[in-house]
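Since every read-out is calculated from the coordinates, none of them should be taken as a lab result. Being a predicted model, the structure only gives us computed values, none of them experimental. As a convention, Cβ positions derive from the backbone with ideal geometry for all residues, glycine included, and neighbour counts pool all protein chains shown.
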Amino acid sequence: MADKIRVVVLYGGRSGEHEVSLKSAASVLRHLDRARFEVIPVSIDKTGRWQWNDLGTIDQAQAAALPILPEAPEMRLARGPDGRGVLIPISASATAPLEIDVVFPVIHGPLCEDGTMQGLLELADVAYVGSGVLGSAVSMDKDVAKRLAEFAGVPVAPYRVLTRKAFVRDRASSLAQAIEGLSLPVFVKPCNMGSSVGIHKVKTRDALDAALDDAFRYDVKVLVEQGIDAREIEVAVLDGEPLFASLASELNPNAHHEFYSYEAKYLDPDGARVDLPARLDAAQMERVRALAVQVFAALECSDLARVDFFLDRRTGEFCFNEINTLPGFTSISMYPKMMEASGVPYGELLTRLVHLALDRHRQRQSLERGYAS
Ligand SMILES: Nc1ncnc2c1ncn2[C@@H]1O[C@H](COP(=O)(O)OP(=O)(O)O)[C@@H](O)[C@H]1O
Ligand SMILES: [Mg+2]
């Protein structure tokens, strides 16, 4: 049917969150309204190859994680002759170039949600779901994100930033700087990672050295952050006029994990218990939802984001921890669950996201690119 909107669901990706993406995309494919959308599943493998996978075969597999089909033709994304985004086969094949209406990147982590992919999509002149280059990039950098949030009046935990250059040049003074004004425990984190990779809870001064060494394996910029005895509260934000914040949820990592570590997130089936809605009083719920909207706006995000906070048990104050501009979309992921609990079912959520992307693209297309008298 010609009037269906052609949606490329992009999955996989060259990040450590490749496998999470396969599960997220399987859910998205199940819930996208096929009466409105013609779905094109395009995978990105770990080497960065883009392939157009046959929808029928994928549908038949009914897998909890979308497969990348071995025979799927390799494609590249480009700006087509009439200015529309097209998928073009890399090698001469029977597959003709395919014009597309919108890309739904269901991919997470560096090279996927940090502005790089968004830059490619911009150059191809294609509409896409999610934040643009700027919002994606500043949201991925935990340091810049916190600075912008703080500038907008949203509290953040005190932290220091170390660069690998300075650490290599003068280890002793970097170590001293790292905890200046902070008290143990501190959290050491690579600036641009996710999934708790490279994150350490440091309880003694002696352990700081090794934690920094490890974190610098993942990034050239590392945060040393005041450890907070905190409850972990998350809010889903959906674009619109006005921005919509979901009910908040609370993640309670199982007591035998020191924090919400990689193990607790992905390896331990009982890693965390979720309260949705979070057990907050009405004023706290209202406050954290308002803060989430403030962060979303301050970081120039679009369409969707999951905003994560700490609720300090000692002071009762919220502080902003991090934001995910392409949050998990698996059947048990918090973003769609929080939206569902707040009155936006999964399928409707996807329809709204696709239309938000198309609207924004149309608006940007209508802008003058040069001096107009
Ligand atoms: N300042 C902090 N105080 C207490 N716990 C923290 C702090 N920073 C991180 N954590 C713990 O580490 C987890 C992962 O940190 P986070 O900054 O969210 O990184 P990621 O992007 O990998 O999820 C958090 O969910 C929390 O359990
Ligand atoms: Mg986190």
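What the Cβ-Cβ distance of ARG364 and LEU69 gives, at R0 = 30 Å and to the nearest 0.05, is a FRET efficiency of 0.35. Measure nothing fancy, just the Cα-based angle from helix 282-298's long axis to the longest principal axis of the chain, in degrees from 0 to 90, nearest 10. With rounding to tens, the tilt is 60 degrees.
Among the lysines of the chain, pairs at least eight places apart or on separate chains and with Cα atoms under 19 Å apart come to 18. Rounded to the nearest 20 debye, the dipole size of the chain about its Cα centre is 480 debye, using +1 on the Cβ of Lys and Arg and -1 on the Cβ of Asp and Glu. The Cα atoms of segment 243-320 define a convex hull whose projected area, averaged across directions, is 6.1 nm². Taking GluC sites (Glu not before Pro) in DSSP loop conformation with at most 10 other Cβ atoms inside 10 Å as exposed sites, the chain has its longest uninterrupted site-free stretch at 181-367. Could you check what % of the DSSP bridge pairs in segment 1-59 are antiparallel, to the nearest 5? Taking every DSSP beta bridge within segment 1-59, about 25 percent pair in antiparallel fashion. Selection among VAL126, MET75, SER139 by position relative to the dipole of segment 20-148 gives SER139 as farthest towards the positive end (Cβ unit charges, Cα centre). Net charge dipole, segment 187-327: roughly 240 debye, given to the nearest 20, about the Cα centre with Cβ charges of +1 for Lys and Arg and -1 for Asp and Glu.
Shape class for the chain: prolate, because the ratio a/c of the largest to smallest gyration tensor axis (alpha-carbon atoms, square roots of eigenvalues) is 1.5 or more and a/b beats b/c. Relative contact order of segment 159-226: 46 percent, from C-alpha pairs under 8 Å at least 6 residues apart in sequence.
Dividing the convex hull volume of the alpha-carbon atoms in segment 299-346 by its residue count gives 102 Å³ per residue. When both bridge partners sit in the chain, DSSP labels roughly 75% of those beta bridges antiparallel.
Net charge dipole, segment 306-373: roughly 180 debye, given to the nearest 20, about the Cα centre with Cβ charges of +1 for Lys and Arg and -1 for Asp and Glu. Shape class of segment 159-226 from the Cα gyration tensor (axes a ≥ b ≥ c, square roots of the eigenvalues): oblate, since a/c reaches 1.5 or more and a/b does not exceed b/c. Please say if segment 5-129 is rounded, prolate or oblate, where rounded means a/c under 1.5 for a ≥ b ≥ c the square roots of the C-alpha gyration tensor eigenvalues, and otherwise the choice is prolate for a/b larger than b/c and oblate otherwise? Rounded shape, in that the Cα axes give a/c under 1.5. Between the C-alpha center of segment 46-118 and that of segment 215-293 there is a gap of 32 Å.
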